[in-house]
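Have a look at the structure below before the remarks.
What follows is calculated from the coordinates using simple rules that are stated; it is not laboratory data. Because the structure is predicted, anything quoted here is derived from the model rather than measured. Cβ atoms come from the backbone with ideal geometry, glycine included; neighbour counts cover every protein chain shown.
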Amino acid sequence: MLTKAFIPYRGYYSTPFARWQGSLANEHSIILGARTSKRFFESKGWNPAEIQYVLVGSTVYQKQWFYSGPWAAALMGATEAPGVLINQACSTSAFSIYQAGMGLETGLFENSWCLLADRCSNGPHATWPNPNGPGGQAIAEDWVMDNFGLDPWAGGAMIQTAENVAKEYGLTRAECDALTLRRQEQYQMALANGREFQKRYLFPAEVQLSRKKILTIEADEGVFPSTPEGLAALKPVLADGVHTYGTQTYPADGNCGIAVTTRERARELSADPKLEIQVVSFGFARAKKGFMGAAVAPSARMALEKAGLKPADLGAIKTHNPFASNDLAMAKVLGLDANAMNNFGSSLIFGHPQAPTGARLVIEGIEELAMKGGGYLLFSGCAAGDTAASIILKVG
């Protein structure tokens, strides 16, 4: 359990998420993320030189990604701060926030910034020499699509892991369709009153189209509505499966930033000093081979146990749900109401840019609890390799 790591209220942002091959498809994720963070600091009147450590969460290789941590720190104005690159697939956000929290807990630093930035669009194509290949032919990999399509340990695509979990937990096509419609309904809650909820935390991304022209992205790009009839008409992705293209997420682009600092500094930076946000605990798990979604519940249970909490103590639950079966399985194991999780949005609906996905969900959970007057937030999400991570925050 952590006791010394705090997040200032509104000391965070998420850009809107842009659909795969959309408006952010040609933007270098680290450069865009660092520049967005710098603009965010300017909007808050913060001095980036006061940042002591930068944690960059990123999963999709970009040009000169090797330098991500210190490079991003310098681009955002924290030229004296070192930085580290964290890559843990879809649980990168949770692990980055936890690592920042551990830095506070151990006294390693007092003021850190987590930048979560990825671009699934236009993924890199890698080649390696093959000493045993005829004529020195190269080995090639599409970084994004090849890894979505094959887990080298489990031996199948991610969609296969979702179907394995659905079969094991007795989940049906009708349940997956119904939950997706509920997630659409919850996302619409965030759009009510002129996107009032989203405007609490969304910060626009800017794309330099020419020397004089800037494209500003202020709202999610690529979200499409579902209807009962539309979902029912779709064929399963895998024969005899329960998931269609309507009941799974899609790759996207975007970035998020979160300050993790001391209680005193958080109060100074907070938009409401009376509202305290504490990083409380972390949990992790690994499921059996080919059952990625099954790892979410045990990771949540570990985080709850570390915090001394029960599921009934939670005020809000946010999950990274690349497949509808993820939330259904988690709810079944922990005795939760799947329809009450993920108010105001989820990755099933607004897309999945990898590293920033969990951070946006954490931010949405904080804002949900701020409106409720406080409580405990659980974020949980699966990750490649049949793993998962969870983190608990206290808002009050």
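Name the single residue, out of those in the range 237-258 being in a loop (DSSP other than H, G, I, E, B) and either β-branched (Val, Ile, Thr) or free of Cβ contacts under 8 Å to residues at least 60 places away in the same chain (or both), that is surrounded by the most Cβ atoms within 10 Å (Cβ to Cβ). Before the answer, list the steps.
Our first condition is that a residue be in a loop (DSSP other than H, G, I, E, B); within the range 237-258, this holds for 237-247, 249-250.
Filter again for either β-branched (Val, Ile, Thr) or free of Cβ contacts under 8 Å to residues at least 60 places away in the same chain (or both), leaving 237, 239-240, 242, 244-245, 247, 249.
Working: Val237: 19, Ala239: 7, Asp240: 8, Val242: 24, Thr244: 21, Tyr245: 12, Thr247: 28, Thr249: 20.
For the range 237-258, the residue satisfying everything is Thr247.
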| field | Within the range 201-227, considering residues that are surrounded by 15 or more Cβ atoms within 10 Å (Cβ to Cβ) and of a type in the set (Ser, Thr, Tyr), the one nearest to Met371 (Cα to Cα) | value | Tyr201
| query | In the range 294-336, what residues are under 20 Å from Tyr187 (Cβ atoms) and of a type in the set (Lys, Arg)? | reply | Lys318
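Mind telling me which of the residues Arg39, Arg19, Arg10 ends up being among the charged types (D, E, K, R), farther than 18 Å from Glu80 by Cα and under 17 Å from the mean Cα position of the chain (by Cα)? Let's see the steps before the verdict.
Numbers: Arg39 fails: under 17 Å from the mean Cα position of the chain (by Cα); Arg10 fails: under 17 Å from the mean Cα position of the chain (by Cα).
Every option except Arg19 fails the conditions.
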| request: Look at the range 178-213 and say how many of its residues are over 30 Å from His28 (Cα atoms) and of a type in the set (Lys, Arg). | output: 2
| field | Filter result (assigned to a loop (DSSP other than H, G, I, E, B) and surrounded by fewer than 19 Cβ atoms within 10 Å (Cβ to Cβ)) within the range 170-200 | value | Gly170, Thr172, Glu196
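Scan the range 312-339 for residues that are closer than 22 Å to Lys394 by Cβ, surrounded by 15 or more Cβ atoms within 10 Å (Cβ to Cβ) and more than 19 Å from the chain's Cα centre (by Cα) and jot them down.
Let us first name the residues in the range 312-339 that are closer than 22 Å to Lys394 by Cβ, namely 312-320, 330, 334-337.
With surrounded by 15 or more Cβ atoms within 10 Å (Cβ to Cβ) added as a condition, the list becomes 314-320, 330, 334, 336.
Selection gives Leu314, Gly315, Leu334, Leu336.
Looking only at the range 354-375, count how many residues are within 30 Å of Trp143 (Cα to Cα) and out of contact with any Cys (no Cβ under 6 Å at 6 or more places or on another chain). Quick ask: steps written out before the conclusion?
Keep residues of the range 354-375 that are within 30 Å of Trp143 (Cα to Cα), which gives 354-364.
Narrowing the set further to residues that are out of contact with any Cys (no Cβ under 6 Å at 6 or more places or on another chain) leaves 354-355, 357-358, 361-364.
Here the count works out to 8.
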| Any residue in the range 369-391 that is crowded, with 22+ Cβ neighbours inside 10 Å, in a helix (DSSP H, G or I), touching a strand residue (DSSP E or B) at 6+ places or on another chain (Cβ under 6 Å) and not aliphatic (A, V, I, L, M)? | no
| Residues in the range 20-56 that are without any contact (Cβ under 8 Å) to a residue 24 or more places away in the chain and within 19 Å of Ser96 (Cα to Cα): how many? | 0
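Name the residue, out of Ala72, Ala5, that is more than 18 Å from the chain's Cα centre (by Cα), surrounded by 24 or more Cβ atoms within 10 Å (Cβ to Cβ) and closer than 28 Å to Leu215 by Cβ.
On the way: Ala5 fails: closer than 28 Å to Leu215 by Cβ.
That would be Ala72, the only listed residue that is more than 18 Å from the chain's Cα centre (by Cα), surrounded by 24 or more Cβ atoms within 10 Å (Cβ to Cβ) and closer than 28 Å to Leu215 by Cβ.
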